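Here the structure comes first, spelled out in C-alpha cells, and everything after it is commentary.
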Amino acid sequence: MKADVASAARSPLDVLREAYASPEGVEGRLRVSEFLTSIPAIGATKSSRIMHELQISTSKRLGGLGRLQRRRLREFVADWVAAHGGTGDRLVVLAGPTAVGKGTVASYIRRHYPDVQLSVSATTRAPRPGEVEGESYFFVDDAEFDRMIAAGELLEWATVHNAFRYGTPRAAVERAIAAGNSVLLEIDIQGARSVRRAMPDATLVFLLPPSWEELVRRLVGRGTESPGEQQRRLETAKIELAAVDEFDHQVVNHDVADAAQKVVDLMRPRKGRR
Ligand SMILES: Nc1ncnc2c1ncn2[C@@H]1O[C@H](COP(=O)(O)OP(=O)(O)OP(=O)(O)O)[C@@H](O)[C@H]1O
Ligand SMILES: Nc1nc2c(ncn2[C@@H]2O[C@H](COP(=O)(O)O)[C@@H](O)[C@H]2O)c(=O)[nH]1
C-alpha cells in the first residue's frame, strides 16, 4: 500500500523540504523507500533501482541522508515530478553571491526570452545611468518603502550589502501565478530565504561562479565598488556560498547564454523531458 506522505495535496518536493529541515520530524523519520513508493508511478521495484542508482541504502530514512545523498534525491525527485506532468515551475528565484552574474543573466533572459515575466523590484537606491523606472526597478524613497512594508505590499524585502533596501512587489507576482504564468525573481540570498518561507512551492536556483578566483575577477573587473567594499562583499560571499544546499538547483555561470537557458528551462513545461 502507498504511504500517505505525498498525497495529491502535497508535492514530494515539499515532503523532502520538511524532512531535510526537521530530520526528527514525521517526514524526517520516513524511510526513503516508503517516500519513493508514495510517489505516483513509482513501485517497489522502481524504488529499489532508484535507490541503487542514487547510492542510498535500503534502510535509510530521509532525515538520515548525508549531504550528497540529499542533493541527489532532491534532484531526482524534481526531475521526476517535472517529467510526469510538471507544468514548469511557477515562481523561480535566482540568487547567488555578489558579482556572480545574476543581473547579467536576468538581463539576458529579459532580452532573449520575452515570454518570461521578470519581477520588477522596488528599491531605495538611486537609478544608475540608463536604468528605467518601472523596468529596471521602481525607485522609491525611504518613506514610500516603509509604507509598502506596512501595507503588506512586499512579498519579501531586505537591506542588501548594508546599503539600500530592495523588495519584491507582491501583487504582480500573485497576479502572474493566478493567471497560470511563471515569474522570475532576481534577488539576494536573504530574499530567497524569505520567499521560501512565504511561498514554499517556489523553486530556488543558486547561481554559482565557475571558481572563487573567477568571482573575485568579476567583482574587481566590474569596477563599481571601492577596494574596501569589494573586500567586505567577498567576506559575505564566502558565507553565502555555504548556503548552496538550501537551494533546489545549482547553475554554474560559465557562460551567460547557457546559464540563462538552464534557468528558463525550469520555467517551461517539461512533461516527458527525462
Ligand atoms: N558568464 C560570465 N562570464 C564572464 N563575465 C561575466 C559572466 N556573467 C557576468 N559576468 C560579469 O561579471 C560582473 C558581475 O555581474 P553582475 O553585475 O551581473 O553580478 P550580480 O550577481 O548581479 O552582482 P550584485 O549582486 O553585486 O549586483 C559583470 O561585469 C558581468 O559583466
Ligand atoms: N531581497 C531582494 N534583493 C534584491 C531585490 N532586487 C534586487 N536585489 C538584489 O540587490 C542586489 C543589488 O542590486 P543592484 O541592482 O543594486 O546591483 C543584487 O544582489 C540583487 O539580486 C529584491 O527585490 N529583493
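The values are calculated or read from the model by the stated rules, or taken from the named source; none is laboratory data. Note that the coordinates shown come from a computational prediction; the quantities given were computed from them, not determined experimentally. We place every Cβ from the backbone using ideal geometry, glycine too, and count neighbours over all the protein chains shown. We work out accessible area using only protein heavy atoms, side chains counted, and drop any ligands, DNA or RNA first. Shrake-Rupley method; radii C 1.70, N 1.55, O 1.52, S 1.80 Å.
When the residues of region 205-215 are filtered to those that are open to solvent by 50 Å² or more (accessible area, probe 1.4 Å) and either in a helix (DSSP H, G or I) or touching a helix residue (DSSP H, G or I) at 6+ places or on another chain (Cβ under 7 Å) (or both), the one that is farthest from ligand 1 (Cβ to nearest atom) is W212.
Please work out if R128 is in a strand (DSSP E or B), of a type in the set (K, R) and either surrounded by fewer than 12 Cβ atoms within 10 Å (Cβ to Cβ) or touching a Ser or Thr at 6+ places or on another chain (Cβ under 9 Å) (or both). When the stated conditions are applied, R128 does not pass them.
Rundown of residues vs (1) of a type in the set (K, R); (2) in a loop (DSSP other than H, G, I, E, B); (3) open to solvent by 60 Å² or more (accessible area, probe 1.4 Å), yes/no style:
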residue	(1), (2), (3)
I39	no, yes, no
I42	no, yes, no
K46	yes, no, yes
M51	no, no, no
Q55	no, yes, yes
T58	no, yes, yes
G63	no, no, no
Q69	no, no, no
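Which ones in region 137-152 are outside any loop (DSSP other than H, G, I, E, B), more than 8 Å from ligand 2 (Cβ to nearest atom) and crowded, with 16+ Cβ neighbours inside 10 Å? Please lay out each step first, then the result.
As a first pass, look at region 137-152 and keep what is outside any loop (DSSP other than H, G, I, E, B): 137-139, 142-150.
Still in the running and more than 8 Å from ligand 2 (Cβ to nearest atom): 138-139, 142-150.
Once the filter is applied, which keeps residues that are outside any loop (DSSP other than H, G, I, E, B), more than 8 Å from ligand 2 (Cβ to nearest atom) and crowded, with 16+ Cβ neighbours inside 10 Å, region 137-152 yields F138, F139, F145, M148.
Restricting attention to region 109-125, the residues being more than 14 Å from ligand 2 (Cβ to nearest atom), in a helix (DSSP H, G or I) and surrounded by 10 or more Cβ atoms within 10 Å (Cβ to Cβ) number 1. Residues in region 237-251 that are open to solvent by 40 Å² or more (accessible area, probe 1.4 Å), under 30 Å from I177 (Cβ atoms) and not in a helix (DSSP H, G or I): 1 in all. Tallying residues that are within 13 Å of ligand 1 (Cβ to nearest atom) and of a type in the set (G, A, S) within region 182-204 yields 2.
Return the residues of region 28-64 that are modelled with pLDDT under 95 and of a type in the set (K, R); say none if nothing qualifies. Residues satisfying the conditions are K46, R49. Applying the condition of being open to solvent by 20 Å² or more (accessible area, probe 1.4 Å) and either small (G, A, S) or assigned to a strand (DSSP E or B) (or both) to region 189-204 and asking which residue is farthest from ligand 2 (Cβ to nearest atom) yields A198.
For region 216-236, a residue qualifies if it is more than 9 Å from ligand 1 (Cβ to nearest atom) and either within 28 Å of R71 (Cα to Cα) or surrounded by 14 or more Cβ atoms within 10 Å (Cβ to Cβ) (or both), and the qualifying residues are V216, E229, Q230, R232, L234, E235, T236.
Residues in region 153-188 that are open to solvent by 60 Å² or more (accessible area, probe 1.4 Å) and in a helix (DSSP H, G or I): R170, E174, R175, A178.
R147 falls short of the stated requirement of being of a type in the set (K, R), farther than 25 Å from D265 by Cβ, out of contact with any Cys (no Cβ under 6 Å at 6 or more places or on another chain) and in contact (Cβ under 8 Å) with a residue 40 or more places away in the chain.
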